[in-house]
Amino acid sequence: MVRRLEPVRWLRGTVSLPGDKSISHRMAMLAAIAEGETFIAGYSESADCAATLDCLRRLGVRCQRTATGVCITGVGKRGLRPASGTLDAANSGTTIRLLSGVLAGQPFETHITGDASLRRRPMRRIIEPLRQMGATISAVDDNLAPLTIRGGNLQGITYEVTVPSAQVKSCLLLAGLFASGQTTVIEPMPTRDHTERLLGAFGAPVASHGLAHTIVGSCQLESPGPLSVPGDFSAAAFWLAAGLMVESAELVIEGVGLNPTRTGLLTALHEAGCAIEVINKRTVGGEPVGDLCVNALTPRPSKLLRLEGALTANAIDEIPILAVLGSYFHGLEVTDAGELRVKESDRLALVARNLRAMGVEVEERTDGLKVPGGQRFRGASLETGGDHRIAMAFAIAALVAEGPTLLDDAACVGISFPTFFTVLEQLQS
């Protein structure tokens, strides 16, 4: 679906976000293998999280959608059933990688795949440690989906992850639930900790000491009762950028998850002189939450946005929109972001290509980008690569461009934020 976007002079209103994708996936998987019933309010309506529910249903778990969330009847750690046919994770790397950890602990064989984009994403990073734990796994070129997993009789291991990845860490902690002894995952730098928080809530506490995280396989999971999903910070990032860039904007972004392992964008903005106001701070589902305000009084970035190391890992999903922000204000320099080349698309290449199409100078590097500041956008025909974050980042760029912009596949926003363009229209009305 090609979408035409025109520049705007103002945006006003309150933005309600979809439930956090990362948290929704994890809540659903843990609820499925826990004892008891769990109602998850605000479960993400994204296509990715729908894929997780579909896979769980195929494994014998009752997952019932309601108007306000999802009700999941857990089957316990040993209650999953073999699926008839192949599980389909669609475009969701979180689904296939985390669920592989659960499947590695099951005494049956499972086939799991995804769409063309997902079948290009690297899986060796989970295959190797799961094999060390005792699972039998086959894959295309020993790295790509479809995967065939035969699990059971896992042994706890200590494993050092080489690439900062919350998905790899979470996969191994979930597999550790089914292993004898202890499983310890050592990260190269901190990544999002939603899995650790939720495992504790379900009765399987993770002992974390610095970058080492340990779980004991004898833990039993019990439903903690009703849970609520905070608003997705990665979705909020686009509206923060819009509020800063559009000439006359007054936005309040409600109920944003503010887990410190996710808010690298706020850190980068603060270091560049832009302090976003946070009001109504509270806790939802064990996660810190607040409302973010952007208006004429919000200081704009006054120097270069710079990301490297742990800050890059923390803000990895927000780098496309940070590149747009940096172009407009005082520039961006990001390193240690090679992981973006194996996301839903090669995000570094697509960001660079689309910025150039809009008349913006950019230097694409092997593991990052360097973008001079003070540039202005011209409308152009842009390629999304079917990548939701690319589509939304350049939809925001289009709001301050000279002339109309065309996105070749705007429908891909449904992967994470199905109502994105509806919200955009409401803020202009």
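The values are calculated or read from the model by the stated rules, or taken from the named source; none is laboratory data. Owing to the predicted nature of the structure, the values given are computational and were not obtained by experimental measurement. Every residue, glycine among them, receives a Cβ derived from its backbone with ideal geometry; neighbour counts consider all protein chains shown.
Here are the numbers for the structure shown:
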{"quantity": "Test: residue in region 276-294 that is small (Gly, Ala, Ser), surrounded by 16 or more Cβ atoms within 10 Å (Cβ to Cβ) and under 24 Å from GLY309 (Cβ atoms)", "calculated": "no"}
{"quantity": "Output for region 319-369, where each listed residue is within 22 Å of CYS274 (Cα to Cα) and small (Gly, Ala, Ser)", "calculated": "ALA323, GLY326, SER327, GLY331"}
{"quantity": "Leading residue by the ranking (farthest from ARG389 (Cα to Cα)) among those in region 302-315 that are assigned to a helix (DSSP H, G or I) and in contact with a helix residue (DSSP H, G or I) (Cβ under 9 Å, 6 or more places away or on another chain)", "calculated": "ALA310"}
{"quantity": "VAL163, sole failed condition from (1) over 27 Å from GLY255 (Cβ atoms); (2) part of a helix (DSSP H, G or I)", "calculated": "(2)"}
{"quantity": "Count of residues meeting criterion [among the small types (Gly, Ala, Ser) and either within 27 Å of ARG389 (Cβ to Cβ) or free of Cβ contacts under 8 Å to residues at least 12 places away in the same chain (or both)] in region 33-46", "calculated": "4"}
{"quantity": "Verdict on THR136 being of a type in the set (Ser, Thr, Tyr), under 22 Å from MET29 (Cα atoms) and modelled with pLDDT of 95 or more", "calculated": "yes"}
{"quantity": "Number of positions in region 44-61 that are under 11 Å from ILE96 (Cα atoms) and in contact with a strand residue (DSSP E or B) (Cβ under 6 Å, 6 or more places away or on another chain)", "calculated": "1"}
{"quantity": "Residue match in region 47-60 (condition: more than 30 Å from LEU427 (Cα to Cα) and either in the same structural domain as ARG378 (by TED's automatic domain parsing) or without any contact (Cβ under 8 Å) to a residue 24 or more places away in the chain (or both))", "calculated": "yes"}
{"quantity": "Residue tally, condition among the β-branched types (Val, Ile, Thr) and in a helix (DSSP H, G or I), over region 316-339", "calculated": "4"}
{"quantity": "Residues satisfying the stated conditions in region 184-199, i.e. in a strand (DSSP E or B) and out of contact with any helix residue (DSSP H, G or I) (no Cβ under 6 Å at 6 or more places or on another chain)", "calculated": "THR184, ILE186"}
{"quantity": "Lone qualifier among ALA268, ALA313 - being under 30 Å from ARG341 (Cα atoms), surrounded by 24 or more Cβ atoms within 10 Å (Cβ to Cβ) and in contact (Cβ under 8 Å) with a residue 60 or more places away in the chain", "calculated": "ALA313"}
{"quantity": "Sole exception among (1) surrounded by 15 or more Cβ atoms within 10 Å (Cβ to Cβ); (2) part of a loop (DSSP other than H, G, I, E, B) for LEU147, by number", "calculated": "(2)"}
{"quantity": "Flag if GLU287 is modelled with pLDDT under 95 and touching a His at 6+ places or on another chain (Cβ under 8 Å)", "calculated": "yes"}
{"quantity": "Number of positions in region 397-417 that are more than 19 Å from the chain's Cα centre (by Cα), surrounded by fewer than 20 Cβ atoms within 10 Å (Cβ to Cβ) and within 26 Å of LYS21 (Cα to Cα)", "calculated": "2"}
{"quantity": "Residue list for region 141-162, filter: in contact with a strand residue (DSSP E or B) (Cβ under 7 Å, 6 or more places away or on another chain) and either closer than 21 Å to ASP48 by Cβ or among the β-branched types (Val, Ile, Thr) (or both)", "calculated": "ALA145, PRO146, LEU147, THR148, ILE149, ILE157, THR158, VAL161"}
{"quantity": "Candidate set: region 223-263, residues that are in a helix (DSSP H, G or I) and among the aliphatic types (A, V, I, L, M); chosen: the one surrounded by the most Cβ atoms within 10 Å (Cβ to Cβ)", "calculated": "ALA237"}
{"quantity": "Boolean, ALA116 is of a type in the set (A, V, I, L, M) and farther than 20 Å from ASP20 by Cβ", "calculated": "yes"}
{"quantity": "Selection count where residues are surrounded by fewer than 17 Cβ atoms within 10 Å (Cβ to Cβ) and at positive phi, scope region 319-371", "calculated": "1"}
{"quantity": "Residue selected from region 372-396 under the condition without any contact (Cβ under 8 Å) to a residue 40 or more places away in the chain and of a type in the set (D, E, K, R), by the criterion surrounded by the fewest Cβ atoms within 10 Å (Cβ to Cβ)", "calculated": "ARG378"}
{"quantity": "Top-ranked residue in region 200-222 [being over 21 Å from the mean Cα position of the chain (by Cα) and part of a strand (DSSP E or B); ranked as surrounded by the fewest Cβ atoms within 10 Å (Cβ to Cβ)]", "calculated": "HIS209"}
{"quantity": "Selected residue (criterion: surrounded by the fewest Cβ atoms within 10 Å (Cβ to Cβ)) from residues of region 86-117 that are assigned to a helix (DSSP H, G or I) and either among the polar types (S, T, N, Q) or assigned by TED's automatic domain parsing to the domain that holds ASP317 (or both)", "calculated": "THR94"}
{"quantity": "Filter pass, ALA83 being out of contact with any helix residue (DSSP H, G or I) (no Cβ under 8 Å at 6 or more places or on another chain) and not in a strand (DSSP E or B)", "calculated": "no"}
{"quantity": "Boolean, GLU425 is surrounded by fewer than 23 Cβ atoms within 10 Å (Cβ to Cβ) and part of a helix (DSSP H, G or I)", "calculated": "yes"}
